[in-house]
Structures are given as structure tokens and as C-alpha cells.
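The values are calculated or read from the model by the stated rules, or taken from the named source; none is laboratory data. All values derive from a computational prediction rather than experimental measurement. Heads up, the Cβs are rebuilt from the backbone with ideal geometry, glycines too, and the neighbour counts pull from every protein chain shown. Surface areas here come from the heavy atoms of the whole protein model, side chains and all, with no ligands, DNA or RNA. Shrake-Rupley method; radii C 1.70, N 1.55, O 1.52, S 1.80 Å.
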Amino acid sequence: MNLFRLAGDMTHLVSIVVLLLKIRTMKSCAGISLKTQELYVLVFLTRYLDLFTRYVSFYNSIMKLVFIGTSIAIVWYMRYHKVVKQTYNMDEDTFKQYLLILLSFVLALLIPHEFTTIEILWTFSIYLEAVAILPQLVLLQRSRNIDNLTGNYVFLLGAYRALYILNWVYRFFTENHKVRWIPWLSGLVQTALYTDFFYYYVKSWRNREHLKLPA
């Protein structure tokens, strides 16, 4: 554990809190891709299969349970809550997420961390997480109005991955941590997908601050 890893975990957690806050208080999931959220459920379930067979630390176990539970809760709200589900942008959330699942699974079979069932599924979760945000980014491009909470949620997700990359670099230079090509390259791909969004997000905040300046 180091500052970058902790900051990454907390940023990831805050992103989920922001999303749940939007859904619970506004009773709306407008601008949120259900397909991305379902992909995250699949990511966490396949990554944390060792939850009850391999104990790392209390912190590690709690974070795994939190990410699994909150991701399932978000999908439940979007699919079954009688008010929230009516705000879902189904007509705009049209990305073929099954292609991402298929591609990630094929890659996991061809280039796994190890040739065991758990490691193949772990590798699958890494590949899938790298591209799980694509349905959300496509939905944002199609939506004309993006509320602040949705924008903040996506920004925090991208920031979480960027912090994890810094964590890997830090460990490489200070702990002689060996390069793990699968999560490193997947993390770089995932961060790169956010580049365009980051640009317009920062630009929009600068415009807001400019409008607040006195004449």
C-alpha cells in the first residue's frame, strides 16, 4: 500500500458514491449507461472469485465486497426501481457490449496471466475493465445535456485508473516491483480512452470559473 494506491482506491470509491448519490437523491439515471454498469458487475465478480479462498487483509476484503455490492445495487436501481428505470436512456445506450465481453474472453484465453481457471477469469476482468467505459463514453457523446454528477463520476473513474498507473510506477522504482504487462497495458488503454473526455471536462470547468469572474 502506498499513497497512489490508496488515492486510487478512494477515488474509485468516491466515483461510485457520486453515482449512487445521483440515483438515490435525484431518482434518475439519465446519462448513465446500464451496459457499462453491467460490465462492471461482471468485472468485479470474475476478479474477486478468491474473496473467500485467499485472505490478503481486512481492507482488501472489505473493498472487494463494497465494489461487488455497490455495482450490483446500481444495476438493480437502473433495471428495477420503478422511478429510476423510467429515466434510463435506452435508445441512446446502444453500444454492443457483448463484443467487448467476447473480445476480452478470447484475449484472456490466448494471453492469460496463468493457465488456470481463476487466473483466466482474473485476466478476463482486467481486459474487460479496460474497455467497460466505452458504452458510457458513447452515451455521453450522444447525450446533449450532461449533468455535473454524471460528468464527475466519469472523471473520477478515469482519475482512479491514472492513479493506479502512478502506483505501479512508484512500486517499480521503490520496491523493485516487477512489470506486470497485462494490467499495465490494460490500464494504459483504459486511461487513454478517457483522454478526450478529460479534455472537455477540464475545459468545461475553466469556462464555468471564467463565467464566475467579476466584470
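Only one of the numbered conditions (1) in contact (Cβ under 8 Å) with a residue 40 or more places away in the chain; (2) open to solvent by 40 Å² or more (accessible area, probe 1.4 Å); (3) under 16 Å from Y160 (Cβ atoms) is violated by M63, and that is (2).
Taking S33 as the residue in question, decide whether it is in contact with a Pro (Cβ under 6 Å, 6 or more places away or on another chain), open to solvent by less than 70 Å² (accessible area, probe 1.4 Å), small (G, A, S) and touching a residue at least 40 places away in the same chain (Cβ under 8 Å). Taking the combined requirement at face value, the residue satisfies it. When you look at T87, is it touching a Cys at 6+ places or on another chain (Cβ under 8 Å), open to solvent by 30 Å² or more (accessible area, probe 1.4 Å) and at pLDDT below 95, yes or no? For T87, the condition - touching a Cys at 6+ places or on another chain (Cβ under 8 Å), open to solvent by 30 Å² or more (accessible area, probe 1.4 Å) and at pLDDT below 95 - is met. Only one of the numbered conditions (1) open to solvent by 50 Å² or more (accessible area, probe 1.4 Å); (2) modelled with pLDDT of 95 or more is violated by V56, and that is (2). One residue stands out in segment 93-118 among those that are at pLDDT below 90 and touching a helix residue (DSSP H, G or I) at 6+ places or on another chain (Cβ under 7 Å): the one that is most open to solvent (accessible area, probe 1.4 Å), namely H113.
Hey, can you tell me all the residues within segment 166-198 that are over 23 Å from T123 (Cα atoms), touching a helix residue (DSSP H, G or I) at 6+ places or on another chain (Cβ under 9 Å) and open to solvent by 80 Å² or more (accessible area, probe 1.4 Å)? Let's see the steps before the verdict.
Our first condition is that a residue be over 23 Å from T123 (Cα atoms); within segment 166-198, this holds for 173-175, 195-198.
Restricting the remaining residues to those that are touching a helix residue (DSSP H, G or I) at 6+ places or on another chain (Cβ under 9 Å) gives 195-198.
Of everything in segment 166-198, those that are over 23 Å from T123 (Cα atoms), touching a helix residue (DSSP H, G or I) at 6+ places or on another chain (Cβ under 9 Å) and open to solvent by 80 Å² or more (accessible area, probe 1.4 Å) turn out to be T195, D196.
Can you confirm whether V66 is within 25 Å of P183 (Cα to Cα), in a helix (DSSP H, G or I) and over 19 Å from the mean Cα position of the chain (by Cα)?
Working: within 25 Å of P183 (Cα to Cα): yes; in a helix (DSSP H, G or I): yes; over 19 Å from the mean Cα position of the chain (by Cα): no.
Considered against the rule, which asks whether it is within 25 Å of P183 (Cα to Cα), in a helix (DSSP H, G or I) and over 19 Å from the mean Cα position of the chain (by Cα), V66 comes out as no.
Got a number for residues in segment 142-162 being of a type outside the set (A, V, I, L, M), open to solvent by 30 Å² or more (accessible area, probe 1.4 Å) and at pLDDT 85 or above? Spell out how you get there, then give the answer.
Taking segment 142-162 first, the residues of a type outside the set (A, V, I, L, M) are 142-145, 147-148, 150-153, 155, 158, 160-161.
Now narrow it down to the ones that are open to solvent by 30 Å² or more (accessible area, probe 1.4 Å): 142, 144-145, 147-148, 152, 155.
Next cut, at pLDDT 85 or above only: 152, 155.
Qualifying residue count, segment 142-162: 2.
Residues in segment 80-105 that are in contact (Cβ under 8 Å) with a residue 12 or more places away in the chain and among the aromatic types (F, W, Y): Y88, F95, F105. Scan segment 65-84 residue by residue and report those that are at pLDDT 95 or above and charged (D, E, K, R). Once the filter is applied, which keeps residues that are at pLDDT 95 or above and charged (D, E, K, R), segment 65-84 yields only R79.
So that you can scan it fast, the table gives a plain yes or no per residue for (1) over 17 Å from I126 (Cβ atoms); (2) open to solvent by 30 Å² or more (accessible area, probe 1.4 Å); (3) modelled with pLDDT under 90; (4) not in a helix (DSSP H, G or I):
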position: M1; (1), (2), (3), (4): yes, yes, yes, yes
position: M10; (1), (2), (3), (4): yes, yes, no, no
position: L13; (1), (2), (3), (4): yes, yes, no, no
position: Q37; (1), (2), (3), (4): yes, no, no, no
position: Y40; (1), (2), (3), (4): no, no, no, no
position: L45; (1), (2), (3), (4): no, yes, no, no
position: L51; (1), (2), (3), (4): no, no, yes, no
